[in-house]
Amino acid sequence: MEKKMPTVFRRKCYERLLEWKRESKGRTAVLIEGARRVGKTTLVTEFARREYEDYIYIDFSRADKATLDLFHDQRADIDTFLRMLQLNFGKLLEPRRGVIIFDEVQRFPVAREYIKHLVADGRFDYIETGSLVSIRKNVEKIVIPSEEERISLEPMDFEEYLWANGLDMYAQEIRRCRDSLVALPDSVHAKCSRLFNEYMLVGGMPQAVEAFVEDADFRRSDKIKRQIIDLYREDMQKFGDSEARRARVVFDDVPGQLSHASKRLKFSGLDGGDRYEQFEPAISWLADAHLVNPCHLCNDPNVGYRLHADSSSLKCYLADTGLLVSLAFDDGPDLLDVHRDIQFGRVSINKGMLVENVVAQQLRARGHSLFYYSWDEPPKEEGGRPRPREIDFLITRGYSDAAGKPRVCPIEVKSTKTYSTISLDDFALHYSKRVGDEYVLHPKQLKVEGKRQYLPLYMSFCL
């Protein structure tokens with residue numbers, strides 16, 4: 001039986017590759033990094049097919065010995081190396097019109113190191129892809145080429161999900177209404193909200209999206225996601241070294257941690273540890289592998305959040321919310337229909353954890369680093385308890401009322417239609433001179449009150 005080719009979805013990363021090709025003109029290679037099964041290979045092969053006369057594709061997970069030997073035996077002579085490589089693949093590339101792809105380059109670090117010399121030669125463009133590319137085991141014996149630009153490929157955001165479903169006009173209309181701050185008609189708002197809830201359950205892993213697009217069945221999509229989760233666990237065991245056990249403990253405990261009211265990662269009781277320092281290597285491993293999106297506490301909400309970050313106090317979101325759903329309900333075959341049950345409210349679940357995770361996913365896809373802010377308001381009465389407050393996310397944007405200068409933009413995420421904005425109100429009062437636009441992401445319609453924008457959750461990809 002002929003192997004089914006993966007569907008080529010429209011990805012925003014394609015435009016970044018075009019920008020690299022246009023501006024680099026062969027002076028740098030580009031490395032597309034991201035989690036396993038996030039669509040790197042499909043993206044770069046489609047890019048090579050459309051933007052170059054021809055290409056050579058080397059998959060280092062299955063490359064033959066003759067190809068691997070070239071990197072060891074002919075690296076001193078680039079002319080011979082390139083001639084033999086083209087002979088091996090039966091392709092004669094035209095200088096400056098061809099591209100060579102190193103797929104899964106983390107499996108053969110020698111090739112990644114050789115990029116420096118190949119780029120200096122200048123005949124062809126070079127694209128690398130890799131997952132786990134920053135893991136110590138994959139870089140400890142090589143010199144990382146300075147001629148390498150990096151682009152992260154994240155799971156599909158909601159706009160890409162709409163494109164995958166052939167709903168480009170909805171994506172355009174969401175953007176238009178976000179830019180003009182005009183609410184969508186109620187009927188369109190209801191459909192976009194339903195689609196966003198659907199996306200939250202399916203997630204943004206291309207194979208899972210493809211399965212759902214084909215038959216609108218959560219079961220096949222969920223089966224694929226569980227296979228991906230198993231693959232990630234195998235990677236932790238294979239590449240995690242001494243941190244493998246703790247990396248898996250943190251990964252598997254993400255749903256439980258996010259289901260708590262504070263959603264902060266609590267280290268007590270995790271694998272016998274009780275301090276951040278004991279888990280920091282494992283969390284860094286998971287972040288480097290693009291499996292989680294850490295969100296750190298910012299102690300002073302001012303532009304340049306990293307300057308005031310407290311690394312030991314963090315939330316740990318899963319990189320893909322669809323995987324979070326499958327990981328949370330991993331109790332056996334009786335839960336294969338849980339996605340539909342969640343959609344129709346037949347399962348009791350802390351929906352807030354899914355909504356917060358999916359917003360974190362949209363922000364990361366936009367390139368934002370994740371930070372939150374927490375503080376205590378004084379008690380109202382003497383001897384009373386302090387009143388805890390928290391802003392879910394802090395981003396930085398130019399503020400029109402300050403000549404476009406960057407300002408702190410707080411984001412509160414609401415999963416229900418009934419809520420208060422006490423934390424945001426107090427934050428805006430304390431830091432009025434620092435704050436630009438304020439955002440409330442909620443299930444309701446768009447509205448604007450002063451510099452506070454109440455945006456439907458499905459507009460989160462616009463921030």
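So that you can scan it fast, the table gives a plain yes or no per residue for (1) surrounded by fewer than 21 Cβ atoms within 10 Å (Cβ to Cβ); (2) farther than 24 Å from Lys238 by Cβ:
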position: Leu93; (1), (2): no, yes
position: Lys116; (1), (2): yes, yes
position: Tyr126; (1), (2): no, yes
position: Thr129; (1), (2): no, no
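Are any of the residues in the range 239-260 in a loop (DSSP other than H, G, I, E, B) and farther than 21 Å from Thr42 by Cα?
Yes, the range 239-260 contains at least one residue that is in a loop (DSSP other than H, G, I, E, B) and farther than 21 Å from Thr42 by Cα.
Which residues, counting only those in the range 39-86, are within 25 Å of the chain's Cα centre (by Cα) and among the aromatic types (Phe, Trp, Tyr)?
The answer is Phe47, Phe60.
Within the range 431-450, track down each residue that is without any contact (Cβ under 8 Å) to a residue 60 or more places away in the chain, crowded, with 17+ Cβ neighbours inside 10 Å and not β-branched (Val, Ile, Thr).
If the condition is that a residue be without any contact (Cβ under 8 Å) to a residue 60 or more places away in the chain, crowded, with 17+ Cβ neighbours inside 10 Å and not β-branched (Val, Ile, Thr), then Gly436, Asp437, Glu438, Tyr439, His442, Lys444 are the ones that fit.
So which pairs qualify, if the first residue must be in the range 230-246 and over 11 Å from Leu132 (Cα atoms), the second must be outside any helix (DSSP H, G or I), the Cβ gap must be under 8 Å, and the two must be at least 6 apart or on different chains?
If the second residue must be outside any helix (DSSP H, G or I), the pairs left are Leu231/Arg36; Leu231/Arg37; Arg245/Asp271; Arg246/Leu270; Arg246/Asp271; Arg246/Gly273.
Does Asp73 meet the test of being loosely packed, with under 15 Cβ neighbours inside 10 Å and not β-branched (Val, Ile, Thr)?
Yes.
What's the number of the condition Thr42 fails, among (1) touching a Lys or Arg at 6+ places or on another chain (Cβ under 9 Å); (2) over 30 Å from Arg226 (Cα atoms); (3) β-branched (Val, Ile, Thr)?
(2)
Go through the range 140-198 and give me each residue that's among the charged types (D, E, K, R) and assigned to a loop (DSSP other than H, G, I, E, B).
Correct list: Glu140, Lys141, Glu147, Glu154, Asp157.
Just so you know, all these numbers are worked out from the coordinates, no wet-lab data involved. On a predicted model such as this, the values are computed, not experimentally measured, just so you know. Neighbour counts run over all protein chains shown; Cβ positions are idealised from the backbone, glycine included.
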